[in-house]
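> I have a structure here, written as structure tokens, and I will follow up with some questions on it.
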Number of protein chains: 2
Amino acid sequence: MAQTSPQYRYGNRPTMKDVAARAGVGLKTVSRVVNGEPGVTPDTERRVQDAITALGFRRNDSARILRKGRTASIGLVLEDLADPFYAPLNRAVEEVARAHGALLINGSSAEDPDRERELALAFCARRVDGLIVIPAGDDHRYLEPEIAAGIATVFVDRPAGRTAADVVLSDSFGGARDGVAHLVAHGHRRIGFIGDQPHIHTATERLRGYRAAMRAAGLPVEENWVSLGPTAPERVRAAAEAMFSGPRPVTALFAGNNRVTVTAVRVIAAAARPVALVGFDDFELADLLSPGVTVVAQDAARLGRTAAERLFRRLDGVVEAPRRVELPTRLIVRGSGELPPAES
Amino acid sequence: MAQTSPQYRYGNRPTMKDVAARAGVGLKTVSRVVNGEPGVTPDTERRVQDAITALGFRRNDSARILRKGRTASIGLVLEDLADPFYAPLNRAVEEVARAHGALLINGSSAEDPDRERELALAFCARRVDGLIVIPAGDDHRYLEPEIAAGIATVFVDRPAGRTAADVVLSDSFGGARDGVAHLVAHGHRRIGFIGDQPHIHTATERLRGYRAAMRAAGLPVEENWVSLGPTAPERVRAAAEAMFSGPRPVTALFAGNNRVTVTAVRVIAAAARPVALVGFDDFELADLLSPGVTVVAQDAARLGRTAAERLFRRLDGVVEAPRRVELPTRLIVRGSGELPPAES
DNA sequence: CTGAAAGCGCTTACAG
DNA sequence: CTGAAAGCGCTTACAG
């Protein structure tokens, strides 16, 4: 059945013109049949359908789009398509897009502002109707001409930089504050914080929540109890080991995100003394570890759904000022965050 | 800075014509500048650039594509954008596409053949240059006209149905056989198998591998030791509990995929007797559970990379017969698969 | 009920 | 070095 031949390649696909010629009708009649518009005799319609089947015609939506204006597609720039945290967000955006008859173009910024920009503008050049961006950079003025030209844009998970726009976030500050307060409530006074790089908004918000909880409890924060930086395992491991040793080791750790938590679990498992742990972000199997890992959970799917719904509201013509939506987090108690402070 | 006004929306974006008018040059000159073609005076070029900036012009790639033929985009139909197993595959495909200057459109079939078809054909209507499909259905003849018309197509993770096409797979049969043989080598004689639904190719291949290993060891397979079906936790739980009880309970279990493994771990943790476990597919934190979970690992990223590279080879004009590539799996020993049979 | 003409925003092929 | 005309494959607006 492999009827592929080099000369019958892209470019000589049958067009409506070909169908019209074969069916012996006008171009517009073919268009009517293809689009299910009324006003075509059953007999004419059949002739056109036959020609379509015989030729293997499929409407070129790119051409259609050029004429119609709307592309029925949206672009999603996320950090990493392979990151399990963003996967449900990705899927949620897809589902909303699908419900609105739109296709999804997506790509990974790899936490590189230039790559984020490149992707977002490539999507704009394809004239996506809307754009959802998980910011890597902190200056999004480059999107202002696009937004002004009508490409609806929503930022998610992190705020937009230097521009007014819709934003959907989790309450990083409140979540971290509550998580740290939980450790304090279980008797800890020396609590460490390991988070992502300081230029990432969620990292500094969570750190702010940590400091707020410590302050509220009247606890000091020693300099070496806080470490922000890349979430590569080596870096996190070194930071954790430093906090767990020395004259005044921490008895508990707050992990600023998923990747930090996972490495923290490994380091704690190998540590001389037990260390209590609360992590930001839930992850699969957190309940199966021993002890189960207590986490501050965000709802990534809801983040995606909310952002996409906001986007389509704009596409449906709702005009209102940019809004900032903050979704609550949830503390899930599983054991690691309820360990008492170890004797030092 | 929110200069968005309802009348200045999509449709009245500046075009090359507008730029040409403002710069006082011809259309083609603008095209030359935008595309970096030679033969433009520095002075003319500057005038055009100024007009572009002033107007906020961005080339409409949809129009460009219509004229040029190639869209520089590929479509990926996978099962679920939120599935952690496919996330690295997704990312790997993206990276290869990016290296070739192509954008990625993707979507989830949700294991529904109709939805797979709908997505794949929608991508074809957008005239993607190529298509990568993780099949949900088992009849892909619907793609033959598209393939014949020049849309390069590669199937990955599962074979195409009823049509000749490029396919990239993991060695499900061999992997399962080796995993079960590993359990046999550790003294097990009563081994259960829980897998995905029987219409899914990888599920039956893995079952075939299980049977082959049992046969090679001269071991019988009792009827209730095998269970194929949806991987929903309730179903897997019921199947596992049935195998773990009764007069001749299994002492070991082979889990046909990720989702089955995770549920199996939970059921085993709560079981009266220890049950050895080997799972198909690796997963994060498998080594942190106690015991660590021994798995047959596939390289999902390599699966995606291989498929995408094959696709772009075709797009680069290489003409050859459809090929089936089978990637090896790797047994990762972590503890759960080395438990001895429990006394019954 | 049907179709010819114009146009969406670009690029191609050609002429000056 | 520069640009006018034709065309990519559709849809829109209009006429018969």
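> By a straight-distance test (C-alpha under 24 Å), which lysines pair with A:Lys17 as possible cross-link partners, with residues fewer than eight away in the same chain excluded?
A:Lys28, A:Lys68, B:Lys68
> If I build a Gaussian network model for chain A, linking alpha-carbon pairs within less than 10 angstrom, which residue out of A:His100, A:His201, A:His140 has the largest mean-square fluctuation?
With Cα springs under 10 Å in chain A, the top fluctuation among A:His100, A:His201, A:His140 is at A:His100.
> Provide a whole-number value for the mean count of partner chain Cβ atoms within 10 Å of the Cβ atoms in peptide B:120-131.
The mean count of partner-chain Cβ atoms within 10 Å per residue comes to 3.
> Label point 7 Å out from B:Glu241 along Cα-to-Cβ: which residues of region B:247-272 have amide N under 18 Å?
Hits in region B:247-272 for B:Glu241 at 18 Å: B:247-250, B:260-272.
> Would you calculate the separation in nanometres between label points at A:Arg302 and B:Arg208, each defined as 7 Å from the Cα along the Cα-to-beta-carbon direction?
4.6
> Sticking with this one: Place the label 7 angstrom along Cα→C-beta at B:Asp43 and in each other copy, then list the distances from the first to the rest in nm, shortest first.
Output for B:Asp43: 6.8 nm, nearest copy listed first.
> Quick check for you: with a 1.4 Å probe and neighbouring chains kept, what is the accessible area per residue of region B:172-298, in Å²?
38
> Can you give the accessible area per residue of region B:16-59, in Å², using a 1.4 Å probe?
With all protein chains present, region B:16-59 gives 58 Å² per residue.
> Here's another thing I want to ask about it. Under a 5 Å amide H to amide H cut-off, with H placed in plane at 1.01 Å, what residues pair with B:Ser170 once short-range neighbours are removed?
Here B:Asp157, B:Leu327 satisfy the definition.
> Let me have the relative contact order for chain A, percent, based on Cα pairs under 8 Å that are six or more residues apart.
16
> Mind jotting down the three principal axis lengths of region B:16-59 based on Cα atoms? Whole angstrom, largest first.
Cα extents, longest axis first: 23, 18, 15 Å.
> When the convex hull of the C-alpha atoms of region B:1-128 is computed, what volume per residue in Å³ does it have? Intermediate values should be presented prior to the final figure.
Working: hull volume 22.0 nm³, N = 128.
Residue-normalised Cα hull volume stands at 172 Å³.
> With θ taken as phi - 60° and the coefficients 6.51, -1.76 and 1.60, list the Karplus ³J(HN,Hα) couplings across region B:129-146 in order, rounded to whole Hz; mark glycine and proline as x.
Karplus-based 3J(HN,Hα) across region B:129-146 equals 6, x, 9, 10, 10, 8, x, 9, x, 10, 9, 10, 4, 4, 8, 4, x, 5 Hz.
> Sticking with this one: Taking each pair of different alpha-carbon atoms in chain A once, compute 1/r for the pair, average those values, and report the inverse of that mean as the Kirkwood hydrodynamic radius in Å to one decimal.
It is 23.2 Å.
> OK, next. Count, for each residue of B:80-91, the Cβ atoms from other chains sitting within 10 Å of its Cβ, then give me the mean as a whole number.
If you average over the peptide's residues, the count of other-chain Cβ atoms is 6.
> Amide H of B:Ala152 versus every other amide H placed in the peptide plane: which residues, excluding those fewer than 5 positions away on the same chain, fall under 5 Å?
Here B:Leu131 satisfy the definition.
> Mind running the shape call on the protein assembly as shown? Use the C-alpha gyration tensor, a ≥ b ≥ c as the square roots of the eigenvalues: rounded below 1.5 for a/c, prolate if a/b tops b/c, oblate otherwise. Walk me through the intermediate numbers first.
On the way: a/c = 2.39, a/b = 1.26, b/c = 1.90.
In terms of gyration-tensor shape, oblate.
> Next up: Counting other Cβ atoms within 10 Å of each Cβ, which GluC sites (Glu not before Pro) in region A:193-288 have at most 14 and sit in a DSSP loop? Write down the numbers at each step before the final one.
Numbers: sites: A:Glu205, A:Glu222, A:Glu223, A:Glu234, A:Glu241, A:Glu284; in loops: A:Glu222, A:Glu284.
The qualifying sites are A:Glu222, A:Glu284.
> So what's the gap between the Cα centers of region A:211-234 and region B:281-319, to the nearest angstrom?
For region A:211-234 versus region B:281-319, the Cα centre distance is 37 Å.
> Quick one: what are the phi-derived ³J(HN,Hα) couplings along region B:72-82, Karplus 6.51/-1.76/1.60 with θ = phi - 60°, whole Hz, x for glycine and proline?
So the J values, rounded to whole Hz, are 6, 8, 10, x, 10, 9, 10, 7, 7, 4, 8.
> Taking only the alpha carbons of region B:173-292, what extent do you get along each of the three principal axes, in Å, biggest first?
Principal axes ranked by extent give 31, 31, 25 Å for the Cα atoms.
> Probe radius 1.4 Å, ligands and nucleic acids ignored: give me the carbon and sulfur share of the accessible area of region B:172-298 as a rounded percent.
Reported share for carbon and sulfur atoms: 53 percent.
> Would you mind estimating how fast region A:85-164 diffuses translationally, via Stokes-Einstein at 4 °C and 1.567 mPa s with the Kirkwood radius over Cα pairs, in µm²/s?
Translational D for this selection: 100 µm²/s.
> Hydropathy first: keep DSSP H helices in chain A averaging at least -1.0 on Kyte-Doolittle, then drop any whose Cα extent along the axis falls short of 15 Å, and list what survives.
Helices meeting the criterion: A:42-55, A:87-99, A:113-125, A:172-185, A:201-216, A:233-244, A:258-269, A:300-315.
> Give the long-range amide H neighbours of A:Leu103: residues separated by 5 or more places, or on another chain, with amide H under 5 Å away, using H modelled in the peptide plane at 1.01 Å from N.
It is A:Ser73, A:Ile74, by chain and number.
> Right, here's the next one. Hey, got the average number of other protein chain Cβ atoms within 10 angstrom for residues in A:151-159?
1
> Could you work out, for region B:201-266, what percent of all Cα-Cα pairs fall into each 5 Å distance bin, beginning at 0 Å and stopping at the bin that holds the largest distance?
Per 5 Å bin, starting at 0, the Cα pair percentages come out as 3, 16, 28, 26, 19, 7, 1.
> In Å² (nearest 100), what accessible area is buried between B and A, both sides summed, heavy protein atoms only, 1.4 Å probe?
That pair hides around 6500 Å² of surface in total.
> Under a GNM of chain B (C-alpha, springs under 10 Å), which listed residue has the highest mean-square fluctuation: B:Ala176, B:Ala125, B:Ala301?
Of B:Ala176, B:Ala125, B:Ala301, the Gaussian network model singles out B:Ala125 as fluctuating most.
> Suppose we keep just the DSSP beta bridges with both residues in chain A; what percent of those would be antiparallel, to 5?
Working: 3 of 39 bridges.
Of those bridges, close to 10 percent are antiparallel.
> Now for a different question. Determine, from the Cβ-Cβ distance of B:Ser31 and A:Tyr142 and an R0 of 22 Å, the FRET efficiency 1/(1 + (r/R0)^6), rounded to the nearest 0.05.
Working from the Cβ atoms, E equals 0.40.
> Take every DSSP beta bridge with both residues inside the protein assembly as shown and express the antiparallel ones as a percent of the total, to the nearest 5.
Close to 10 percent.
> Hey, what number do you get for chain B at 222 nm if only DSSP H runs of n ≥ 4 count, each worth -39500 (n - 2.57), divided across all residues, to the nearest 500?
Here the helix-only value at 222 nm equals -12500 deg cm²/dmol.
> Still on this structure, please answer the following. Sum up the charges of everything whose Cβ sits under 15 Å from the Cβ of A:Thr44, counting Lys and Arg as +1 and Asp and Glu as -1, but leave A:Thr44 out. Working shown, then result.
Numbers: positive: A:Arg22, A:Lys28, A:Arg32, A:Arg46, A:Arg47; negative: A:Glu37, A:Asp43, A:Glu45, A:Asp50.
Computed value for this residue: +1.
> Which of A:Met243, A:Met16, A:Met214 moves the most in a Gaussian network model of chain A with Cα springs under 10 Å?
Result for chain A, Cα springs under 10 Å: A:Met16 fluctuates most.
The values are calculated or read from the model by the stated rules, or taken from the named source; none is laboratory data. From a predicted model like this one, the values you see are computed outputs, not experimental measurements. No Cβ is skipped: glycine too gets one built from the backbone with ideal geometry, and neighbour counts run over all protein chains shown. Only protein heavy atoms, including side chains, enter the accessible area calculation; ligands, DNA and RNA are left aside. Shrake-Rupley method; radii C 1.70, N 1.55, O 1.52, S 1.80 Å.
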